[in-house]
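Undergrad: Pasting a structure below so you can have a look.
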Amino acid sequence: MIGKQDMVRDALRVIEPRLQRLAVVVQAGMPVIHGDLGVGTMVALPLMGEGMTRLFSLVVGIGNAPDGVVLVDEVENGLHHSVLPKVWRAIAEAARQFEVQVFATTHSLECIEAAHRAFDEDLGFECDFRLHRLERVNGDIVAKTYDRDALRAALEMGLEVR
Amino acid sequence: MAKRPVIEQHSILIVEGVDEQGVFGALLRHLGISDVQVVPTGGKTSLADGLHGLKVSPGFDSVTAIGVVRDADADPEAAFRSVCGALSREGLPVPAAPLVPHGGPPKVTVLILPSGTRPGALEDLCLDAVADDPAFPCVSAYFACLHDAGVDGPHNLSRARMQVFLASRQQAGKRLGEAASYLPWNAPAFDEVRRFVQSVRGHSPINQI
C-alpha cells in the first residue's frame, strides 16, 4: 500500500467529499488514521462515521492482497444505502489496481441493486461482476449464478434475488 | 421495502405485462385453480431476458410445467419462433407448435394470442369474448362516429375498443388487467385459453383435447 494514499483518499471521498488528505497521528501511543477535512484540525477516521472506517478497511484490505483474493462478509455493514453504488465502484477500482478478486456476501437487496447499478454502467475498465445466490435444493446447497443480463431482468421483474 | 415474489408453485404462466397478469390471474380464480403462478416479465423486459432471469430465481428448480403466453402482434408464426428461440437459449424444452406441450420437467407449452394463426393481441381475444355483449354495438358505433367526424383513430384500435367496452361497466376507468372480472370466461372465445391453462396445470394434456 506504500504510495497509494491518494487512491485510498479518493475512495473515501465517496463518503466524505471534504477529505483532502490522510495522515497517521499517534494518540496515547496508538497510531490512528486521521483525515484533513479542511476544518482546521485533523479528525480521527472513526469520528467520521462507521462508513468511513468500513470503506477504509475494505480498500486497505484489497490493497494488502495484491494478485489475491479478498473475502468480505456483509459488505454493506456500516454503509448508508445512498453511497452503496459509489462504494461498489471504489471497491472495483481498488480491485482493478491491485489485481484482486473480491468475494462479498450480503443479505441486502439494496446492496445487490447498488452493485448492479454500479457495474451496469461503464466504469472505464473491464469489471466481471457475478451474483451467486445460494439456494437449498433437495438438501444440497447450490449456487445460482446471475450474469449481468440475468440480474437486470430479475430486478426489473421484481423477482427475489436473495 | 416490499417483499419480492418468489416462485412458489410447480406450474407457472409466463406472461408479458400487468394486463396479462390480471387477465390470467382472473381466469385462474374463475377456474378455481390456485396452484398455477402467473409471472409477468414486465413492460421493459423481453421474454428472452425474462427467462434468463427466471431460470436462476428462487424456486425455479421445482417448476414442472411452464406456460408461455405471448401476443402474436403482426405475425403469429414469428411470435412463436421468437418464443422458441428464447426457450432454446435457456436450454428449456422447445415445443413444435403452439398449444403442444413438450418435454419435461419442466413441460413447456406456448400460447400465442389471440390465436396461433392470426395477428393481434390479448385485447383481440377479449373483444371476441364480449362480442355478444349488449354494449358491444355501442362500442362499434362510437368508433364509427369518430370516423365519420373525421377524428383520427387510435393507433392501437383493439386496445381502444377494449377500453371503451370496459368504460361501459359499472366500475369504469380500469385497465384490462384490473377489470378482468368483467370478462365472460365461459365464452367460446376463451375455450383455447382455458384448455391451455388446465394443460399447464397438468390436468388434461391439451394435445388430446
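Undergrad: Once you charge only the Cβ atoms, +1 for Lys and Arg and -1 for Asp and Glu, what is the size of the charge dipole of chain B about its Cα centre, to the nearest 20 debye?
TA: Dipole magnitude for chain B comes out near 580 debye.
Undergrad: Put +1 on the Cβ of every Lys and Arg and -1 on every Asp and Glu Cβ in the protein assembly as shown; which of A:Val25, B:Gln9, B:Leu99 then has its Cα farthest towards the positive end of the dipole?
TA: Value computed over the given set: A:Val25.
Undergrad: Looking at the stretch B:65-209, send over the antiparallel percent of its DSSP beta bridges, to the nearest 5.
TA: DSSP beta bridges in the stretch B:65-209 are roughly 30 percent antiparallel.
Undergrad: Considering only DSSP beta bridges whose two residues both sit in the stretch B:65-144, what percent are antiparallel, to the nearest 5?
TA: 30 percent
Undergrad: How big is the stretch B:134-209 along each principal axis, measuring the range of its Cα positions in Å and listing the largest first?
TA: Largest first, the stretch B:134-209 extends 51, 25, 22 Å along its Cα principal axes.
Undergrad: So, one more: What's the center-to-center distance, using Cα atoms, between the stretch B:33-65 and the stretch A:44-83 in Å?
TA: Answer, in whole Å: 36.
Undergrad: How big is the Rg/Rh ratio for the stretch A:91-162, C-alpha atoms only, Rh by Kirkwood, two decimals?
TA: Taking Rh as the inverse mean 1/r over Cα pairs, Rg/Rh reads 0.99.
Undergrad: Quick one: net charge of A:Lys4's neighbours, Cβ under 14 Å, K/R +1, D/E -1?
TA: Charge balance in the 14 Å sphere: -1.
Undergrad: If I build a Gaussian network model for chain A, linking alpha-carbon pairs within less than 10 angstrom, which residue out of A:Thr106, A:Thr41, A:Thr145 has the largest mean-square fluctuation?
TA: A:Thr41
Undergrad: In addition: Roughly how big is the stretch A:108-162's charge dipole about its Cα centre, with Cβ charges of +1 (Lys, Arg) and -1 (Asp, Glu), in debye to the nearest 20?
TA: My answer is approximately 280 debye.
Undergrad: Keeping all protein chains in position, work out how much accessible area B:Asp128 exposes to a 1.4 Å probe, and write it in Å² to the nearest 10.
TA: Rounded to the nearest 10, that gives 70 Å².
Undergrad: By accessible area of protein heavy atoms, probe 1.4 Å, what ranking do A:Ile62, A:Ile15, A:Ile141 get, highest first?
TA: Sorted by accessible area, descending: A:Ile141, A:Ile15, A:Ile62.
Undergrad: On a 1.4 Å probe surface of the protein chains, which of B:His147, B:His102, A:His34 comes out largest in accessible area, and what is the full order?
TA: Ranking B:His147, B:His102, A:His34 by accessible area, largest first, yields B:His147, B:His102, A:His34.
Undergrad: Compare B:Tyr142, A:Tyr146 by solvent-accessible area with a 1.4 Å probe and give them largest first, with all protein chains kept in place.
TA: B:Tyr142, A:Tyr146
Undergrad: Where Rh is the Kirkwood radius over the Cα pairs of the protein assembly as shown, the temperature 37 °C and the viscosity 0.692 mPa s, what D in µm²/s does Stokes-Einstein return?
TA: 135 µm²/s
Undergrad: To check you understand DSSP bridge types, tell me what percent of the beta bridges within the protein assembly as shown (both residues inside) are antiparallel, rounded to 5.
TA: Antiparallel: roughly 50 percent of the beta bridges in the protein assembly as shown.
Undergrad: Still on this model: Could you report the accessible area of A:Glu50 in Å², rounded to 10, computed with a 1.4 Å probe on the protein chains as they sit in the structure?
TA: The accessible area of A:Glu50 comes to roughly 130 Å².
Undergrad: Would you mind checking the radius of gyration and Dmax of chain B based on alpha-carbon positions, in Å?
TA: Considering chain B through its Cα atoms, Rg and Dmax are 17.6, 57 Å.
Undergrad: Count of lysine pairs in the protein assembly as shown with Cα atoms under 22 Å apart, counting only pairs 8 or more residues apart in sequence or on different chains?
TA: 9
Undergrad: Once you charge only the Cβ atoms, +1 for Lys and Arg and -1 for Asp and Glu, what is the size of the charge dipole of the protein assembly as shown about its Cα centre, to the nearest 20 debye?
TA: Roughly 540 debye for the protein assembly as shown.
Undergrad: Where Lys and Arg each count +1 and Asp and Glu each count -1, what net charge lies around B:Asp35 among other residues with Cβ under 14 Å from its Cβ?
TA: Charge balance near B:Asp35 sits at +1.
Undergrad: Taking 8 Å as the Cα distance limit and 6 or more residues as the minimum spacing, I'd like the relative contact order of the stretch B:1-158 as a percentage.
TA: 19 percent
Undergrad: With θ set to phi - 60° and the Karplus curve 6.51 cos²θ - 1.76 cosθ + 1.60, what are the ³J(HN,Hα) couplings of the stretch A:34-41 in order, to the nearest whole Hz, using x for Gly and Pro?
TA: After applying 6.51 cos²θ - 1.76 cosθ + 1.60, I find 10, x, 9, 9, x, 10, x, 8 Hz.
Undergrad: Among A:Ala95, A:Ala143, A:Ala28, which one shows the biggest mean-square fluctuation in a GNM of chain A, springs joining Cα atoms closer than 10 Å?
TA: A:Ala28
Undergrad: What figure in square angstrom, to the nearest 10, would you give for the accessible area of B:Val39 with a 1.4 Å probe?
TA: Taking all protein chains as shown, B:Val39 has close to 10 Å².
Undergrad: If you don't mind, another one. Go from 0 up to the bin containing the longest alpha carbon distance in chain A, width 10 Å each, and give me the % of pairs per bin.
TA: Histogram of Cα-Cα distances, whole percents per bin: 10, 36, 33, 15, 6, 1, 0.
The values are calculated or read from the model by the stated rules, or taken from the named source; none is laboratory data. Just so it is clear, the model here is predicted, and its values are computed rather than measured. Virtual Cβ from ideal backbone geometry, glycine too; neighbours counted across all protein chains shown. Keep in mind that these areas ignore ligands, DNA and RNA; they rest on the heavy atoms of the full protein, side chains included. Shrake-Rupley method; radii C 1.70, N 1.55, O 1.52, S 1.80 Å.
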